[in-house]
Amino acid sequence: MAFELPKLGYAYDSLVPHIDAQTMEIHHTKHHAAYVNNLNNALQGTGNENRKLEEIITEISKYPAAVRNNGGGHFNHSLFWEVMKPNGGGNPTGDLSDAVNKYFGSVDKLKENLNNAGLTRFGSGWAWLVVKGGELVVSSTPNQDNPLMDIAEVKGTPILGIDVWEHAYYLKYQNRRNEYLAAFWNVINWEEISRRFKLAIH
Amino acid sequence: MSFELPKLPYALNALEPIISQKTFEFHYGKHHQTYVTNLNNLVPGTKFENATLETIIKEAEGPVFNNAAQVWNHTFFFLTFAPNAGGEPTGALADAISKNFGSFAEFKEKFAKAAVTLFGSGWAWLVKKPDGTLEIIQESNAGNPIRKGFTPLLTCDVWEHAYYLDYQNKRPDFVEGFWKLIDWKVVASRF
Ligand SMILES: [Fe+2]
């Protein structure tokens with residue numbers, strides 16, 4: 001079965017003023033949709049059409065660049081939409097909160113690390129919070145790579161991804177990636193990240 | 001000696017509607033300026049303190065390379081343009097393009113394809129190789145062909161910041177407009 005563009009769990013204008021409605025709509029219906037279409041085209045006739053996206057991603061070195069770029073694009077954006085929500089923000093709770101304090105010292109320190117990972121990713125890419133061997137680490141990847149890929153520098157299970165392609169913020173923030181990253185913390189969905197954390201450590 | 005943002009030989013609104021004044025204010029006034037500022041902050045105390053931009057591009061790595069190459073690339077890109085330009089090259093450059101690509105139309109098609117299909121941030125280039133032949137290449141991020149010993153003749157910036165305010169995800173529309181801005185006399189002078 002071909003991959004499909006997932007629906008968002010909230011309206012395009014519901015992350016305003018942190019992320020504007022036009023950016024959300026273009027990001028979802030144009031950029032993400034193109035990754036899905038291009039991924040389906042790249043897999044067509046290869047015998048891999050029915051494989052799960054995670055299976056493909058974890059063995060991405062065996063696939064051509066079109067699968068790496070578009071499969072990564074589909075996976076990363078699907079995760080990105082879910083780790084945001086209207087009226088998000090605040091702090092993690094429970095086991096995730098304990099782990100954040102253990103590995104980063106505080107949630108502010110984690111935010112600082114992720115902001116720095118996003119700011120210093122030169123060109124297009126993603127900043128990640130990753131479960132790696134039961135520990136939490138921050139990393140970044142170029143373009144549409146991600147930590148699940150067997151080619152990633154830091155390999156593990158991503159539980160939070162922040163898109164730092166210019167298309168993610170340019171209409172509202174232009175060259176000010178730092179302001180976009182600061183605003184992201186107001187729409188973060190910690191419950192979803194906790195859910196992914198629990199799955200990743202078990 | 002510090003690096004400086006070059007003056008543009010046209011007004012920031014002179015290339016409208018293909019590139020808006022707003023895009024120029026950010027692309028030239030912020031992105032290009034930031035690469036210049038970053039470079040000037042990075043080189044003091046390094047072996048590149050008195051080096052030319054070209055030497056830095058050939059020899060540096062990491063942030064020094066990235067900012068130096070982005071200064072060079074943007075200057076080269078912006079200085080290719082003129083209001084009411086476009087058309088086709090003439091003379092020896094036109095002959096070389098026909099010889100290497102079949103025709104100007106085929107060259108345009110191949111160059112546009114390189115610009116449109118480059119994944120992520122980067123630059124499409126027309127270069128002259130040491131043996132005199134022309135080639136179209138893609139470079140990611142700050143990539144610059146002089147590092148490979150090639151002579152750059154023409155480039156198109158396909159970082160999203162080059163076109164997002166005017167064209168959003170429609171990079172092909174930006175590349176189509178790009179042809180109408182090229183001053184082929186400038187390109188011929190580099191040949
Ligand atoms: Fe994106």
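The values are calculated or read from the model by the stated rules, or taken from the named source; none is laboratory data. No experiment lies behind these values; they were computed from the predicted model shown. Neighbour counts are summed over all protein chains in view; Cβ atoms, including those assigned to glycine, are modelled from backbone coordinates with ideal geometry. Side chains included, ligands, DNA and RNA excluded: accessible areas come from the protein's heavy atoms. Shrake-Rupley method; radii C 1.70, N 1.55, O 1.52, S 1.80 Å.
Miscellaneous remarks
- Residue match in segment A:36-47 (condition: within 19 Å of A:Ser140 (Cα to Cα), touching a Gly at 6+ places or on another chain (Cβ under 9 Å) and open to solvent by less than 10 Å² (accessible area, probe 1.4 Å)): no
- Within segment A:110-202, helices (runs of 4 or more DSSP H) holding 3 or more residues that are within 16 Å of the ligand (Cβ to nearest atom) and at pLDDT 95 or above: A:170-173, A:177-184
- None of A:Asn186, A:Asn178 is closer than 20 Å to A:Leu15 by Cα, open to solvent by 20 Å² or more (accessible area, probe 1.4 Å) and more than 14 Å from chain B (Cβ to nearest Cβ) except A:Asn186.
- Residue selected from segment A:31-78 under the condition in contact with an Asp or Glu (Cβ under 9 Å, 6 or more places away or on another chain) and among the aliphatic types (A, V, I, L, M), by the criterion farthest from the ligand (Cβ to nearest atom): A:Leu43
- Answer residue from segment A:79-92, given it is open to solvent by less than 30 Å² (accessible area, probe 1.4 Å) and in a helix (DSSP H, G or I) and is nearest to the ligand (Cβ to nearest atom) among those: A:Phe80
- Residues in segment A:52-70 that are open to solvent by less than 70 Å² (accessible area, probe 1.4 Å) and not in a loop (DSSP other than H, G, I, E, B): A:Leu53, A:Ile56, A:Ile57, A:Thr58, A:Ile60, A:Ala65, A:Ala66, A:Val67, A:Asn69, A:Asn70.
- Residue selected from segment B:156-190 under the condition outside any helix (DSSP H, G or I) and surrounded by fewer than 20 Cβ atoms within 10 Å (Cβ to Cβ), by the criterion nearest to the other protein chains (Cβ to nearest Cβ): B:Asn169
- Flag if A:Asn48 is within 12 Å of chain B (Cβ to nearest Cβ) and touching a helix residue (DSSP H, G or I) at 6+ places or on another chain (Cβ under 7 Å): no
- From B:Phe107, B:Phe111, B:Phe76, residue being in contact (Cβ under 8 Å) with a residue 60 or more places away in the chain and either assigned to a helix (DSSP H, G or I) or among the polar types (S, T, N, Q) (or both): B:Phe76
- Filtering segment A:93-108 to residues that are under 16 Å from A:Val138 (Cβ atoms), without any contact (Cβ under 8 Å) to a residue 24 or more places away in the chain and surrounded by 14 or more Cβ atoms within 10 Å (Cβ to Cβ) leaves A:Asn101, A:Val107.
- Segment A:6-30, subset within 21 Å of A:Asn178 (Cα to Cα), within 14 Å of chain B (Cβ to nearest Cβ) and not hydrophobic (A, V, I, L, M, F, W, C), residue nearest to the ligand (Cβ to nearest atom): A:His27
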